[in-house]
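Input: a single structure, listed below in structure tokens.
The numbers here are math on the coordinates, done by the rules we state, and not lab data. As the structure is a prediction and not an experimental result, all values here were calculated from the model. Glycine also receives a Cβ, built like all others from the backbone with ideal geometry; neighbour counts cover every protein chain displayed.
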Amino acid sequence: MARAHVLLLNPALGPLDYRADRDHPVENGSIVLAPLGPRQLVGVVWEEDSLPSADQVGDNRLRPLLGVYDVPPLGAPLRRLIEWTSDYYLAPPGAVLRMALPSSSALDGSRTITEYRASGVAPGRMTPQRQQALDRIGRRQGLIRELATVADVSEGVVRGLVKAGAIEAVTVAIDTPWPLPDPDHVQPDLSDEQTLAAGTLSEAVREGGFRPFLLDGVTGSGKTEVYFEAIAAALRMGRQSLVLLPEIALTEPFLKRFEDRFGHLPVAWHSELRQSQRRRAWRGIVHGEARVVVGARSALFLPYRNLGLIVVDEAHETAFKQEDGVLYHARDVAVMRAKLEGIPVVLASATPAIETRHQAAIGRYTELKLTSRHGGAAMPAIDAIDLLVDPPPRGRWIAPTLVRAIEDRLARKEQSLLFLNRRGYAPLTLCRTCGHRFQCPNCTAWMVEHRLLGRLQCHHCGHMTPPPAACPECKDEDSLVACGPGVERIADEVALLFPEARIAIATSDTLSTPARAAEFVERMEAHDIDVVVGTQLVTKGYHFPDLTLVGVLDADLGLSGGDLRAAERSFQQIAQVAGRAGRGAKPGQVYVQSHAPGAPVIQALLSGDAQSFYDAETEARRVADAPPFGRYAAIIISAEKSEDAAATARMVARAAPRIEGMQVYGPAPAPLAMLRGRHRQRLLVHARRTLDVQHVIRDWFGALEWPRGVRVAVDVDPYSFL
Ligand SMILES: [Zn+2]
Ligand SMILES: [Zn+2]
């Protein structure tokens, strides 16, 4: 009898054994359907010795597998990656496996799917709900469930509209083949530096084997064009490439550049895909027909048939760190996948993370530098505005020097970008009469006023309330005042100063989908916008030749958090946003507003001497044994009752092993002491680089039991200290 050892798509379970058909044994990696109690679950056949079962079930008690899907098995490198990720980030292997497999519907071979869209026929009877559904659905197409979600109505309302003829069914083929991008569609126009770097990368792709590269190029130096040549090399060999991007909003401009170079779009993978698109993409990936995949971090775990190259663009971005579910860092996992697949990996950035620079410094990564801007554009001039010397008038945030600079740009028909990393109108609303502050009921956070949306919103849990007419505490009317600026308030200030200017706000609220981001890019390129006010979303990826002025409104903001990467992150953010200025023929000017223009971060930006800033930061990390020289793991304990979280946190601390080279700090209430209605306590483990911290934590926790309702999460290599 043949046994099949199967890892199921269920994070709560370890691998289970099943009976396989003796005449048709299943190979490792095969995707199968298996019974679990009364249910049927998808799973993957796994090596017994690499993921042992908790208990052996006798041959006579094994249940038979229900079927094997007709898709290629998950390759051994991906199976090893899933084990490594599970092991390193202390996550159940079933939870990691989920990222590799879509819903079972993509697995069965049916070649069509039924989607729905508005037919243009008005329903016989119109109700407010039906009207809302039709308005919001617009020209979208999708499953009934997807349309109901978009329209914020029940599936019953959408079904009613189908019956009434206002929504019609469409048959969509899901296995339409993907067009092959053409490596010779156009001949790229590269500088000498770019040609050299592109040659090295292409050679590495042709040779194969694990080679990590740091592609370190100043903003506007054309890093994308360089790694496009490596993709071209992979295409010529018939192999797949994966490009990871940090933000979904950035995909659309990227797709356009890709299409210009290769004649066809790559395959996109992100959370906004409809189910039919997701199925088609997954099937193209697993069969090897989707040659170039561009995606968010989740694209990293997909079962590529024939992967030849991984690129992580904007590799310094903290958006690559997954902050819920499996807490992994896509940049680090990408390097591990390349190692297991035996292929090159390229980390591209104008402001590489200290961790990455260190790998290059000690020779583990090959560094390729691009020191000048593409097409002969100059780097922008950067000047500080000392807010103590040159302050804006009371109640305003744009200093006179910056106002004059915007005025100049408007006169010359050039574009300006004002950067403030705060969404909404004001970060805090308070009552002038009694001092009441609007706080989220679920989180230790202020409610942020969003005037455009007409509501107060918590940026941590999404809780929303309409802006109240009176103070809930003292009942005074018209007593509420907005404190501090958000991007919307800055946009108001610009409108007041320059009533003629065409202003756009660019944040995750306004550019929430690839389509909206694409529309923003089109308007910028058509010069329908004079002044953009944006958050960190506009700091990267965009290339607007007429944008010649960048104003950083509050350079001190990022430094207030005080965690280990605060200075580095500030530097990266300001350098990236400054890099949007003067990318075309016209020179760029950057003004950085600060109360402390003498701070090392700002001095490094002004002098253009990034190296000495990084050297000083790296040295400070070395002295503190902070990453990359030492390592951290955060333990977050949460519960609905504050005392439950605190009691468990004390129990965890008491049980902490005493090990040479490791300290445990805490417990202490987390800075975000309450999040989504749960009280949070934190412990921080600080260990020597060489210590197997995961092993220590597994042993430590293995002897403990968590009370009901208490959750304990471990964040290995944490980026958030909240
Ligand atoms: Zn009040
Ligand atoms: Zn909240």
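Express in whole angstrom the spacing between the alpha-carbon centres of segment 517-571 and segment 683-722.
Using only Cα atoms, the two centres lie 36 Å from each other.
Can you tell me the 0 to 90 degree angle between the C-alpha axis of helix 610-624 and the longest principal axis of the chain, rounded to 10?
Orientation of helix 610-624: about 60 degrees from the principal axis.
Check which residues have an amide H placed less than 5 Å from L456's amide H, if you skip close sequence neighbours.
H450, T465
Relative to the first principal axis of the alpha-carbon coordinates of the chain, what is the inclination of helix 223-236, with its axis defined by its Cα atoms, in degrees from 0 to 90 and to the nearest 10?
20
Kindly state, to the nearest 0.05, the FRET efficiency for V481 paired with T318, given R0 = 30 Å and r defined as their beta-carbon distance.
Here the calculated transfer efficiency is 0.40.
Based on the alpha-carbon gyration tensor of segment 612-696 and its eigenvalue square roots a ≥ b ≥ c, which shape applies: rounded if a/c is under 1.5, prolate if not and a/b is larger than b/c, or oblate?
Working: a/c = 3.34, a/b = 1.64, b/c = 2.04.
Oblate shape, in that a/c is at least 1.5 and b/c is the bigger or equal ratio.
Is the chain best put as rounded, prolate or oblate by its Cα gyration tensor, with a ≥ b ≥ c the root eigenvalues, rounded for a/c under 1.5, and otherwise prolate when a/b is larger than b/c, oblate when not?
It is rounded, given that a/c, with a ≥ b ≥ c, falls under 1.5.
Would you mind checking the pairs K321/K641; K223/K256; K256/K540; K369/K413; K256/K369 and listing those with alpha carbons more than 23 angstrom apart?
On the way: K321/K641 28 Å; K223/K256 16 Å; K256/K540 16 Å; K369/K413 34 Å; K256/K369 25 Å.
Pairs exceeding 23 Å: K321/K641; K369/K413; K256/K369.
What list of ³J(HN,Hα) values in whole Hz, one per residue of segment 438-450 in order, does the Karplus curve 6.51 cos²θ - 1.76 cosθ + 1.60 (θ = phi - 60°) give from phi, with Gly and Pro shown as x?
My calculation for segment 438-450 gives 7, 10, 5, x, 9, 9, 7, 7, 6, 7, 9, 6, 10 Hz in order.
Which of the cysteines found in the chain have nothing to pair with, since no other Cys Cβ lies under 4.7 Å from theirs?
C461, C483
Calculate how steeply helix 566-578 sits against the longest principal axis of the alpha-carbon atoms of the chain, using the helix alpha-carbon long axis, and give the answer as 0 to 90 degrees to the nearest 10.
Relative to the chain, helix 566-578 is tipped by roughly 70 degrees.
What does the charge add up to near L340, with Lys and Arg as +1, Asp and Glu as -1, over the other residues with Cβ less than 12 Å from its Cβ?
Numbers: positive: R79, R80, R337, K339; negative: E83, E341.
Within the 12 Å Cβ shell, the charges total +2.
Show that you can apply the helix-only estimate: for the chain, add -39,500 (n - 2.57) for every DSSP H stretch of four or more residues, divide by all residues, and state [θ] at 222 nm to the nearest 500. Don't skip to the end; give the middle numbers.
Working: 19 runs with 214 residues, N = 722.
Result for the chain, helices only: -9000 deg cm²/dmol.
Just want the ordering: H264, H5, H543, from fewest to most Cβ atoms lying within 10 Å of their own Cβ. Let's see the in-between values first.
On the way: H264 16, H5 22, H543 19.
So the ranking, lowest neighbour count to highest, is H264, H543, H5.
What residue among L161, P11, F498 has its Cα farthest toward the positive end of the dipole of the chain, where the charges are +1 on Lys, Arg and -1 on Asp, Glu, each on the Cβ?
Of the options given, the answer is L161.
Of the options P671, L606, V652, report the single residue whose Cα projects farthest towards the positive end of the charge dipole of segment 585-692 (beta-carbon charges: Lys, Arg +1; Asp, Glu -1).
Of the listed residues, the answer is V652.
At a threshold of 8 angstrom on Cα-Cα distance, excluding pairs fewer than six apart, so keeping six or more, what relative contact order does the chain reach in percent?
Values: 1451 pairs, mean separation 77.9, N = 722.
The normalised contact order for the chain reaches 11 percent.
With a ≥ b ≥ c the root eigenvalues of the C-alpha gyration tensor of segment 601-657, is it rounded (a/c under 1.5), prolate (a/b larger than b/c) or oblate? List each step's numbers first, then the result.
Values: a/c = 6.03, a/b = 2.55, b/c = 2.37.
Prolate, since a/c reaches 1.5 and a/b exceeds b/c.
Just going by the charge dipole of the chain, with Lys and Arg at +1 and Asp and Glu at -1 on Cβ, which of T127, T548, L309 is farthest out on the positive end?
Final value for the positive-end residue is T127.
Only bridges whose two residues both fall in the chain count here: according to DSSP, what percent of them are antiparallel, nearest 5?
Antiparallel: roughly 55 percent of the beta bridges in the chain.
About its Cα centre, what dipole magnitude does the chain give when the only charges are +1 on Lys and Arg Cβ and -1 on Asp and Glu Cβ, stated in debye to the nearest 20? Walk me through the numbers on the way to the answer.
Values: 82 positive and 85 negative charges, 320 e Å.
Dipole size: approximately 1540 debye.
Taking the number of other C-beta atoms within 10 Å as the exposure measure, put C474, C440 in order starting with the fewest.
Numbers: C474 13, C440 24.
So the residues, fewest neighbours to most, are C474, C440.
How big is the dipole moment of segment 1-118 about its Cα centre under a simple scheme where the beta carbon of each Lys and Arg is +1, that of each Asp and Glu is -1, and everything else is neutral? Debye, nearest 20, please.
Working: 11 positive and 14 negative charges, 80 e Å.
Roughly 380 debye, rounded to the nearest 20.
Any idea what the dipole of segment 566-619 comes to, in debye rounded to 20, about its Cα centre with Lys/Arg Cβ at +1 and Asp/Glu Cβ at -1?
Working: 4 positive and 5 negative charges, 99 e Å.
For this selection, approximately 480 debye.
Restricting to Cα pairs below 8 Å that are 6+ residues apart, what does the relative contact order work out to for segment 6-74? Please round to a whole percent.
Working: 112 pairs, mean separation 28.7, N = 69.
Once normalised by length, the contact order is 42 percent.
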